[in-house]
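The values are calculated or read from the model by the stated rules, or taken from the named source; none is laboratory data. Everything numeric in this text was worked out from a predicted model, so none of it was measured. Here the Cβ is made from the backbone with ideal geometry for all residues, glycine too, and neighbour counts use every protein chain on show.
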Number of protein chains: 2
Amino acid sequence: MKNFLALNLAFLLFSFVATGKDIIKVKNEAELKTAISSAKPGDEIILSNGIWKNIQIKFDSKGTKDNPITLRAETSGKVSIEGGSDLKIGGSYLVIRGLYFRNGYTPSKSVIDFHIDSSKIANNCIVTDCVIEDFTQLNRVRSDHWIEFWGRHNELSNSYLSGKSNQGPTIMVILEGNEQINNYHKIINNHFGPRPRKGGPHGETIQIGDSGTSMAPSYTTVEHNLFERCDGEVEIISNKSNNNIYRNNIFYKSEGSLVLRHGNYCTIDSNIFIGDENSDFMGGIRLINTGHWITNNYFYKIKGSEFRSALAVMNGVPKSPQNRYNQVTDAVVAYNTFVDCDTPWQLSVGANMDKSVVLPAQEIRSARPTRTILANNLIYNSSDAKAPIKAYDKIDGILFKNNIINTDYESKSEPKELQKNSFTLNKQSDWLYVPTANYTDVYNGFDFETIAKDIFGNDRSTKNSVGSMVFPVDKNKGQINKKDFGTSWFSNEAQVATPKTIQVNTQKELIKALSEASSNTIIELKSGTYKINESLKIDKTITIQSKDKKNKAILEYNGANNTAAFLMLPKGNLMLNAVILKGNNNQNAFTTKEKEMSAAYNLKIANSEISQFDYVLKTYKDSFSDTIAIDNSIIKNCKNAINLAAENDDLGEYNAEFLFITNSKFDNISNNILDYYRGGYDESTIGGNLVFDNNSVINSGKLETSGTLLKLQGIVNVTISNNIFSNNAVKTIAVLWGEKEQKESNNKIDNSGEFRTEQNLKQKMMY
Amino acid sequence: MKNFLALNLAFLLFSFVATGKDIIKVKNEAELKTAISSAKPGDEIILSNGIWKNIQIKFDSKGTKDNPITLRAETSGKVSIEGGSDLKIGGSYLVIRGLYFRNGYTPSKSVIDFHIDSSKIANNCIVTDCVIEDFTQLNRVRSDHWIEFWGRHNELSNSYLSGKSNQGPTIMVILEGNEQINNYHKIINNHFGPRPRKGGPHGETIQIGDSGTSMAPSYTTVEHNLFERCDGEVEIISNKSNNNIYRNNIFYKSEGSLVLRHGNYCTIDSNIFIGDENSDFMGGIRLINTGHWITNNYFYKIKGSEFRSALAVMNGVPKSPQNRYNQVTDAVVAYNTFVDCDTPWQLSVGANMDKSVVLPAQEIRSARPTRTILANNLIYNSSDAKAPIKAYDKIDGILFKNNIINTDYESKSEPKELQKNSFTLNKQSDWLYVPTANYTDVYNGFDFETIAKDIFGNDRSTKNSVGSMVFPVDKNKGQINKKDFGTSWFSNEAQVATPKTIQVNTQKELIKALSEASSNTIIELKSGTYKINESLKIDKTITIQSKDKKNKAILEYNGANNTAAFLMLPKGNLMLNAVILKGNNNQNAFTTKEKEMSAAYNLKIANSEISQFDYVLKTYKDSFSDTIAIDNSIIKNCKNAINLAAENDDLGEYNAEFLFITNSKFDNISNNILDYYRGGYDESTIGGNLVFDNNSVINSGKLETSGTLLKLQGIVNVTISNNIFSNNAVKTIAVLWGEKEQKESNNKIDNSGEFRTEQNLKQKMMY
């Protein structure tokens, strides 16, 4: 009997080795748990197609290099992880493939986490071919990460992530603990879809380390990713550790920069930054700290300045605290090409020696870049050029060598910052200009031979050229094929439906239409009065307009006090056109939800008349609007007009990115016309933005205790022009922020107080 | 003819290749220059034996890996480089051998410099078998380095350096500029002979980087060196960059520590720290910053505390400025042995949250060590033990695992900091205690398998043990053979000569004896009066004593006003025993030179009587005494007594390390008895030191404007005990520094003011 058992055991062991790799298909959480707990090297666990709701997966198995354990969707993209769900990975040599996170959000601190706890940390694990879409917290100040890297040698590849609107970097690489250093993680071949403007800090797409771990060697590689409209905040990527590599990525019309915020000795090589003729928000690379190499990059139409310039080289704080700005030293910026970027090189950005009155010493950036080389770079302007260089301090610590430009430039120093050279580039695609010859007079600085290839991988050792490209350039370059990035199965190319129009005659029909309409619908109101007793909820893209623009429909709101005619919900997108909206003086015309404003809303009012409300727009804390626009409208007989001042924590947050008020009339608003507020000294975001043009404001401000008609505390970009202010009972129309070069222009003021400029705003320190 | 030339040329080329390596002997600077300028790979340039004075050598040749170019002494040690001389190395694959720098000092910033200028930096160069002895600046605040490392892959090996008494680290590794990072320099097999106490900061023996380059990866190896009485300051080695390796060094009775001042991820492995029963000044390792591994080290009789403890783990400043104290994180202290060290583990050293009143926020060290492991360490006490751990703050961020001690210890936390285990160690040499068995219950932390060997190179993977040694230990371990370190030709083992005694009867004979005597001479004075008209200069070790102690000789000083009876010169070492010394009220008894006090002096006065002087001891700026001792003497009828207060720049310098005043009487001193001063907030030095015991001070202080009899501003260690203070016209005897636990004890005070304690001294910030 004993022998028989031994024999059987031997057989079992043998069969285990021989047929070792099992494929285990699971249909529910219990089966999945069992499968994970008994998984062995080489196994494949398959999640059945369908919706997996409220599932928290802990994948803590141990594969081997040659026989990893795979957890994958039955069909990539057909396994939907929804509700309160997350995935934590804690073993080694594990592969996760094909999952689709949507319709929910993580109940923990991350959606996919490369660790379970401090004793279960992932190493050599791969997440690939996955999508996380709009899997965002209901409250934008509830912080999480979508991917949290721990351990070493982990990878996120060929995945698509978009729509994170809450606080926290989309991807966070943790460097706390020796288990995490020298990690050699890979973030490769991904497609980062749009991340909406967050309105305040903590909206990075990738952050590697933090100031407290900025001394750690990380060696994370971010390579061949597409960043498409990643607009979360001023830092698309926030580098906060050492030795990371950013190579061969495309930053497409993304409002922010690749920022070397902390940490040293990183490589930024062969990336493409594509901006937009009409945006000042899209940046390039912002350089801080020591020993970074910025080589072979291509910048097209990056029109931003200061923090958002194509190349921003910052001033540092002498002996900087760990979380502020170290001096730039030992940096190399070589072989880059800048096409149609206005003023691509902004040097000593952040120099603020004049602000020592309002800022503590550890905020004063007086340490200029030093031991820094700018060499073999090429600046090309296809038409009239602005000054290519703006320096905010002396540039005595930068060595300029063999940089060329095709337009006139008068150097201020020797060696010359730029040498004029009458070359031309050929336009090869919408955004790619390629050289027509090589400009072979290159500077060979220390270790420059390590810049062995150009942006497209051509060898520089045989023939070399100033700029990011060596001639000739492959004719196929210059296209962005989204299929080269992200998953095998997901596309974010939306099919734009033709708007449908619904005709409405009664309030009942209006309410029905609103509730049943699909997004992108136009609701046309017949002339007449619509009595509305409950708030109209807007959670999709809707236009409400009068059919007869000359005989506008009247919406009479009879709801309870403090409620609003229109309630803006997350992703609500309302265009109100040619409508007369009336209240009873104690309600609001528009508000947001009081909480769970998980995504931004937009509100456009045109050709309309709004009267007899407490607030025209009242917003709540944590709500955020991307764009609010009022055009050619009349707002009258209200207590207050636009209120975007609910972010009172002074943590850099604010309630709307863009506010346009144009061609409109404000008459008899008792308090202020606008209260638009951003508190806290913060440089991670550069909003909000106000255009107030060609309006008239009369008979208002009578009850305004602040004495100011347009309250703009902390708002960065302000244009107030061509307005008439008449008979407003205020002392001040607006306080302009001198440091931000805010100016009013061409306004007519009659018995309405005056504009006042404060050079330096006193702000609460956040750090 | 053409063919003949070609043939000849071919022949020459051939002979060059064949007989390529030339040996060029040079006798003077011109020949040397020529030899260097025409040196080719494989050549050997030989400096003729003899003295080379005032020579500045620039060695900027290019050897190859297989054929370096050598510059060497004809006979190692027989080529003396003297006067204003230095050596700058600027090429690659160069070797310098056998030079002896003495009797002079560098006219530049360094004695041996691994760079000539920014375009000529040494790489792969070796300085070996050389000595730099007392090649120190005349003025101790004139800063220089003896060896300055630039470039990469350079080496200082088998050399001896001692006697640097001026400002500046003996060896400085420069990290400014990419040419210097990842340098992999080697400092190996050297003997660092005594470096005298400097009295103030900047007296390190080795410094690698500085705070401004502390982010740079250095990878310098300091291995198998002997540090013998390197007492320059509190940091023997000041690590200020990343990834350096300190291995297998012996720190023998050196007053200071290996300090991880800035920079991260260094390795301190298998070093031996030998202290002294009677010294609190000899330290071990001071840990600051992130990611350091301290393994396999052996500490014997390290009796220091706080900054000088065997293992000092510091508190950091939250978000510290670059030049202050980062928090300790991710550190590993494992497999170390501490024998008879009193309180070897001092944790959260530097915690000073109580000093926020007198210090700015960026000086407050409130950030406790975190993510730090102390494991597998062994503490052994051969007799009664003090508390092995002292914590200056909570220790909640340190994980203690499997540490053992042979004496009683009650743990305060779980896991226990220390577990009692009744083991014994065997004494194998004066300082080496070895295990009698292995304590195999070790903790295997993350990456602990990389601690593959013990202190003596024994494999830990086969058998392992807590502590720095695995049993059994080779019986030959435990000896320091100086021949294993330093040069092939130099020994610092002084032959102590028996003191010679010279009998003296007249002033003429005294002056002659003083001038002609060799060092270590006793001059005996016959009884009687010696009229001295010019200062007696002391520049060697001299005792002056009365032959008949009961009938003491009288020295009557008749020199000009403001001159002194004794002028102390560098290295002057005077013992004045049983002598009566008198002035005319307007001269001084002892002074230093006014400048060029290139080395310290010592002054001992015993059984003597000194009267009628302006100052008993007046010192000048930049002078420094190691020890001043006054015992069993009478000092009376002088305007001032001891003045050590010339360092008024408030940069942490001071004029004497040790001052002992014992069993003596001060009578009728018009001003103060003592003015001993150290200004500037500095932690790099921990002096001066005063013992004032069993004296009587009477009828003094009448004209003292400060109202204080013993002025002690900034002096760290003060003992005032068993004295009588009677009828002194002062308000204050002394102000004691509460923070430094200064106390007076058992003093009798009668009509003499009082002691006052100030808890926190206001000091000028130096940073």
If we keep just the residues of segment B:111-141 that are of a type in the set (Ser, Thr, Tyr) and either buried (at least 24 other Cβ atoms within 10 Å of the Cβ) or in contact (Cβ under 8 Å) with a residue 40 or more places away in the chain (or both), which is farthest from B:Lys593 (Cα to Cα)?
B:Ser118
In segment A:68-85, how many residues are within 28 Å of the chain's Cα centre (by Cα) and either of a type in the set (Gly, Ala, Ser) or buried (at least 23 other Cβ atoms within 10 Å of the Cβ) (or both)?
7
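Report yes if B:Asn296 is away from chain A (no Cβ under 12 Å) and either surrounded by 24 or more Cβ atoms within 10 Å (Cβ to Cβ) or of a type outside the set (A, V, I, L, M) (or both), otherwise no. Step through it out loud before you land on a result.
Values: away from chain A (no Cβ under 12 Å): yes; either surrounded by 24 or more Cβ atoms within 10 Å (Cβ to Cβ) or of a type outside the set (A, V, I, L, M) (or both): yes.
Yes.
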Which numbered condition B:Glu524 misses (of (1) under 20 Å from B:Gly583 (Cα atoms); (2) charged (D, E, K, R); (3) in contact with a strand residue (DSSP E or B) (Cβ under 8 Å, 6 or more places away or on another chain))
(1)
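Out of A:Asn381, A:Asn352, report the one residue that is more than 30 Å from A:Gln759 (Cα to Cα) and away from every other protein chain (no Cβ under 14 Å).
Numbers: A:Asn352 fails: more than 30 Å from A:Gln759 (Cα to Cα).
Of the residues listed, the single one that is more than 30 Å from A:Gln759 (Cα to Cα) and away from every other protein chain (no Cβ under 14 Å) is A:Asn381.
To keep it simple, each residue is scored yes or no on (1) surrounded by 13 or more Cβ atoms within 10 Å (Cβ to Cβ); (2) within 28 Å of B:Met765 (Cβ to Cβ); (3) at pLDDT 95 or above.
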residue	(1), (2), (3)
B:Leu359	yes, yes, no
B:Leu374	yes, no, yes
B:Asp393	yes, yes, yes
B:Pro415	yes, no, no
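Before we move on, is B:Ile45 in contact with a Ser or Thr (Cβ under 8 Å, 6 or more places away or on another chain), surrounded by fewer than 17 Cβ atoms within 10 Å (Cβ to Cβ) and assigned to a strand (DSSP E or B)?
Values: in contact with a Ser or Thr (Cβ under 8 Å, 6 or more places away or on another chain): yes; surrounded by fewer than 17 Cβ atoms within 10 Å (Cβ to Cβ): no; assigned to a strand (DSSP E or B): yes.
Judged against the criteria, B:Ile45 is not a match.
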Against the conditions (1) assigned to a loop (DSSP other than H, G, I, E, B); (2) within 14 Å of chain A (Cβ to nearest Cβ), where does B:Thr462 fall short? Just the number, please.
(2)
Index of the failed condition, A:Gln322 passing every other in (1) in contact (Cβ under 8 Å) with a residue 60 or more places away in the chain; (2) away from chain B (no Cβ under 14 Å); (3) among the polar types (S, T, N, Q):
(2)
Inside segment A:325-340, can you point out the residues that are away from chain B (no Cβ under 14 Å) and farther than 13 Å from A:Ile285 by Cα?
A:Tyr335, A:Val339, A:Asp340
Exclusive hit being at pLDDT 95 or above, in contact with a Lys or Arg (Cβ under 8 Å, 6 or more places away or on another chain) and exposed (fewer than 12 other Cβ atoms within 10 Å of the Cβ), set B:Asp539, B:Asp454, B:Asp459:
B:Asp459
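Please go through segment A:275-293 and pick out each residue that is away from chain B (no Cβ under 14 Å) and either touching a Leu at 6+ places or on another chain (Cβ under 9 Å) or aromatic (Phe, Trp, Tyr) (or both). Quick ask: steps written out before the conclusion?
First, the residues of segment A:275-293 that are away from chain B (no Cβ under 14 Å): A:275-287.
Correct list: A:Phe281, A:Gly283, A:Gly284, A:Ile285, A:Arg286, A:Leu287.
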Look through B:Leu712, B:Leu736 and report the one residue that is within 25 Å of B:Met353 (Cβ to Cβ) and away from chain A (no Cβ under 14 Å).
B:Leu736
Pull up segment B:202-227, narrow it to residues that are of a type outside the set (Gly, Ala, Ser) and within 14 Å of chain A (Cβ to nearest Cβ), then point me to the one that is nearest to B:Asn289 (Cα to Cα).
B:Met215
Quick check: is even one residue across segment A:171-192 touching a residue at least 12 places away in the same chain (Cβ under 8 Å), over 21 Å from A:Thr267 (Cα atoms) and part of a loop (DSSP other than H, G, I, E, B)?
yes
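Does segment A:157-169 contain any residue that is within 24 Å of A:Glu306 (Cβ to Cβ) and away from every other protein chain (no Cβ under 14 Å)?
We begin by selecting, within segment A:157-169, every residue within 24 Å of A:Glu306 (Cβ to Cβ); these are A:169.
Remaining after also requiring away from every other protein chain (no Cβ under 14 Å): A:169.
Among the residues of segment A:157-169, at least one is within 24 Å of A:Glu306 (Cβ to Cβ) and away from every other protein chain (no Cβ under 14 Å), which makes the answer yes.
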Can you name the residue in segment B:176-227 that is of a type in the set (Ser, Thr, Tyr) and buried (at least 24 other Cβ atoms within 10 Å of the Cβ) and is also farthest from B:Phe114 (Cα to Cα) among such residues?
B:Ser214
I need the full set of residues from segment B:289-317 which are in a loop (DSSP other than H, G, I, E, B), farther than 12 Å from B:Gly350 by Cβ and β-branched (Val, Ile, Thr), in order please.
B:Ile302
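Inside segment B:640-721, counting only strands (runs of 3 or more DSSP E) that do not spill past its ends, which hold 3 or more residues that are more than 30 Å from B:Pro169 (Cα to Cα) and without any contact (Cβ under 8 Å) to a residue 24 or more places away in the chain?
Numbers: elements: B:640-644, B:656-662, B:665-669, B:674-676, B:689-693, B:696-698, B:708-711, B:717-721.
Of the strands (runs of 3 or more DSSP E) lying wholly inside segment B:640-721, none has at least 3 residues that are more than 30 Å from B:Pro169 (Cα to Cα) and without any contact (Cβ under 8 Å) to a residue 24 or more places away in the chain.
To keep it simple, each residue is scored yes or no on (1) closer than 18 Å to B:Phe658 by Cα; (2) buried (at least 24 other Cβ atoms within 10 Å of the Cβ); (3) without any contact (Cβ under 8 Å) to a residue 40 or more places away in the chain; (4) more than 16 Å from the chain's Cα centre (by Cα).
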site: B:Arg229; (1), (2), (3), (4): yes, no, yes, no
site: B:Glu235; (1), (2), (3), (4): no, yes, no, no
site: B:Tyr246; (1), (2), (3), (4): no, yes, yes, yes
site: B:Tyr252; (1), (2), (3), (4): no, no, no, no
site: B:Ser257; (1), (2), (3), (4): no, yes, no, no
site: B:Thr267; (1), (2), (3), (4): no, no, yes, yes
site: B:Gly275; (1), (2), (3), (4): no, yes, no, no
site: B:Ser279; (1), (2), (3), (4): yes, no, yes, no
site: B:Gly283; (1), (2), (3), (4): no, yes, no, no
Would you pick out the residues in segment B:117-164 that are outside any strand (DSSP E or B) and charged (D, E, K, R)?
B:Asp129, B:Asp134, B:Arg140, B:Arg142, B:Asp144, B:Lys164
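Which of the residues belonging to segment B:739-767 are part of a loop (DSSP other than H, G, I, E, B) and within 14 Å of another protein chain (Cβ to nearest Cβ)?
B:Met766, B:Tyr767 - these are the residues of segment B:739-767 that are part of a loop (DSSP other than H, G, I, E, B) and within 14 Å of another protein chain (Cβ to nearest Cβ).
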Check B:Asn296, B:Asn271, B:Asn264, B:Asn248 and return the single one that is touching a Lys or Arg at 6+ places or on another chain (Cβ under 8 Å) and farther than 15 Å from B:Ile236 by Cα.
B:Asn296
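Just to be sure, is B:Glu509 without any contact (Cβ under 8 Å) to a residue 24 or more places away in the chain and either touching an Asp or Glu at 6+ places or on another chain (Cβ under 6 Å) or in a loop (DSSP other than H, G, I, E, B) (or both)?
Working: without any contact (Cβ under 8 Å) to a residue 24 or more places away in the chain: yes; either touching an Asp or Glu at 6+ places or on another chain (Cβ under 6 Å) or in a loop (DSSP other than H, G, I, E, B) (or both): no.
Considered against the rule, which asks whether it is without any contact (Cβ under 8 Å) to a residue 24 or more places away in the chain and either touching an Asp or Glu at 6+ places or on another chain (Cβ under 6 Å) or in a loop (DSSP other than H, G, I, E, B) (or both), B:Glu509 comes out as no.
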